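Working notes, beginning with the structure itself.
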Amino acid sequence: MRYAHITGWGKYVPQRVVTNDELAQTVETSDGWIRDRTGIAERRIAGPSETTASMAIAAAIGALDVAGASGSQLDLIIVATTTPEHLFPSTACLVQDALGAARAGAFDLSAACSGFVYGLSLGADAIKAGSANTVLVIGSETLSRIVNWKDRNTCVLFGDGAGAVLLQGSDQPGGILSTLLRADGSGGELLIIPAGGSRQPVTPEAIAQNLHTIQMNGREVFRFASRVMDRATREIIYKAGWTTDQVDLFVPHQANLRIIEMAARSLGVPLDKFYCNIARYGNTSAASIPIALTEAAESGLLRPKDRVVMVGFGAGLTWAAAALEWGEPHPASRSQKTLSRLGYGVASVRSRARRLFRRVEDRLFGTLDPTLQPAPAREPARELPGRNGSEPGRRGDGKREPTPASDPKPESVTANGTPSDQSALEEARS
Ligand code: ACO
């Protein structure tokens, strides 16, 4: 029988700290209100060169170092995120490239704040089934880029960061013992970004109504979260064959301190058994549990064989829990770390060489094979009917559909100053 152990952990949070008082200068709120209602004192906000992929890579390198492993050993990379670098390629593929994980499969996972526990469950199952032996599970978010900074109901809640764990297969009993994944799509509209997908692309009209930013019914989400935190925790403890008082540490999703306090009260567990860092980071969605887990491990709160329960909840609606027995770390020696760094450098060179090779190949062979050329157009292609059954190329209101070429880019889309993939990723590697 194979077991999936957590053998490495790492985190990355941006340098930039934004306090409640700073936010109170831009929206009608106060440090007192935010602390009382959420437990948040400050959050980290990504700078122009920090992205979901660059933070994921930094957290992943930390996890590989703790485990004494390298990117070339990876079989699978899962990145849980609601703020991927692009719609495609996946952020996981960018991480794969940066780590030189030449043998790994890589994909993004969308389950909002429950995403990391979903990923942990899939990664552990892959190991138990024998299809993988070394799996990197990452939660990484740049929520500051999808928040409406004028909406006090949401902008005070979120922050940026990334956390990662390395799962490795072993015959030694322990590791991820049981997991629980749940969803209730009927509550999808309670926490949603309406525009930016195939149903409603981002248009200047959508931007004017802030439909490309987080919309949340806070009270309903609060009610849902309080209910599932208690229920999922009880269920996962039962599934693992433990009792509540046998759990050494609870690592909950950090969305609101009051939700964690309510869960602790209803489970009859002292609050100090719940790891809480929401005061410093706010809600970092899929990154919140791996950041908390990494901090708990780094501060010596977790010892080998400790029993740990993680519970997450979020948009979807989704919720998830995992019960695990903490393992022994095998930290990398200084020379192993140096070798790994060299490996990431080689990965960077290899990646550039591949891009160059593709360009050269395209120049040399791209036009030689006439069968690969698109057929010359004989007549203009027929346009599909416009939305609302209107005339092709026209909207329901009779105006022309904007075309990508003629449509000026809305300022807010580029205003974040997001760097090119290459520069952000180079920074994460170094
Ligand atoms: N500063 C000051 N006042 C505010 C602020 C603010 N930042 N935000 C809201 N208020 C006001 C409201 O307008 C309201 O005023 P009104 O009574 O005049 O209408 C009042 O404060 C109370 O509002 P409530 O919504 O009842 O406040 P509540 O105590 O519920 O706290 C909160 C709001 C913090 C959002 C809470 O509902 C919450 O934490 N909900 C869960 C959020 C959550 O967990 N999200 C998960 C996201 S996970 C993911 O997948 C991304």
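Read-outs throughout are calculated quantities, based only on the coordinates presented, and are distinct from any laboratory measurement. Given the structure is predicted, the values throughout are model-derived calculations rather than measurements. Heads up, the Cβs are rebuilt from the backbone with ideal geometry, glycines too, and the neighbour counts pull from every protein chain shown.
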Next item on the list: Can you check how the C-alpha radius of gyration of region 271-310 compares to 2.2 N^0.38 Å, as a plain ratio?
Entry: 1.16
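For a footprinting-style exposure proxy, rank 212, 253, 5 by other Cβ within 10 Å, fewest first.
Values: 212 20, 253 29, 5 24.
Ranking 212, 253, 5 by Cβ neighbours within 10 Å, fewest first, gives 212, 5, 253.
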Margin query: Based on the alpha carbons, how large is the Rg to Rh ratio for region 113-155 when Rh follows Kirkwood?
Written below: 1.27
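What number comes out for the charge environment of residue 17, summing +1 per Lys or Arg and -1 per Asp or Glu over other residues with Cβ under 10 Å away?
Values: positive: 16, 43, 44, 280; negative: 22, 42.
Overall, the nearby charge balance is +2.
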Checklist line | Proximal charge balance of residue 106 [Cβ under 14 Å; K/R count +1, D/E count -1] | finding: -3
Margin query: Just to be sure I understand the curve: with the Debye formula and one point per C-alpha of region 83-226, what is log10 I(q)/I(0) at q = 0.11, 0.13, 0.18, 0.22 Å⁻¹?
Written below: -0.53, -0.73, -1.19, -1.46
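Among 187-198, 345-356, how do they line up by average Cβ neighbours within 10 Å per residue, starting with the highest? Mind showing how you got there, number by number?
Details: 187-198: 15.4, 345-356: 13.1.
Order by mean packing, descending: 187-198, 345-356.
Per-residue counts of other Cβ atoms within 10 Å, averaged by peptide: what ranking do you get for 36-49, 74-87, highest first? Could the numbers behind the result be given before it?
Working: 36-49: 19.6, 74-87: 24.4.
Ranking, from highest mean packing down: 74-87, 36-49.
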Check: Across region 116-124, in residue order, what do the Karplus-derived ³J(HN,Hα) couplings come to in whole Hz, using 6.51 cos²θ - 1.76 cosθ + 1.60 with θ = phi - 60° and x for Gly and Pro?
Finding: 5, 5, 4, x, 4, 5, 5, x, 5
Next item on the list: Report the percentage of all Cα-Cα pairs in region 76-117 whose separation exceeds 13 Å, rounded to a whole percent.
Entry: 48 percent
Next item on the list: List the residues whose amide H sits under 5 Å from the amide H of residue 105, counting only those 5 or more places along or on another chain, with H placed 1.01 Å from N in the peptide plane.
Entry: 76, 77
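Could you list, in their original order, any pairs among 150/273; 11/239; 11/150; 239/273; 11/305 whose Cα atoms are separated by more than 25 Å?
Details: 150/273 36 Å; 11/239 29 Å; 11/150 29 Å; 239/273 20 Å; 11/305 22 Å.
In this structure, 150/273; 11/239; 11/150 exceed 25 Å between Cα atoms.
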Notebook entry, point to check: What does the convex hull of the Cα atoms of region 3-325 come to per residue, in Å³, rounded to a whole number?
Noted result: 127 Å³
Next item on the list: Please list 159-165, 176-182 highest first by mean number of surrounding beta-carbon atoms within 10 Å per residue.
Entry: 159-165, 176-182
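Please report Rg over Rh for region 134-290, where both radii come from the alpha carbon positions and Rh follows the Kirkwood definition.
Reported Rg/Rh (Cα atoms, Kirkwood Rh): 1.01.
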Note to self: Counting just the Cα atoms, what span does region 31-168 cover along each of its three principal axes? Round to the nearest Å and put the largest first.
What the structure shows: 50, 28, 27
Notebook entry, point to check: In whole Å, how far is the Cα centre of region 1-63 from that of region 260-288?
Noted result: 15 Å
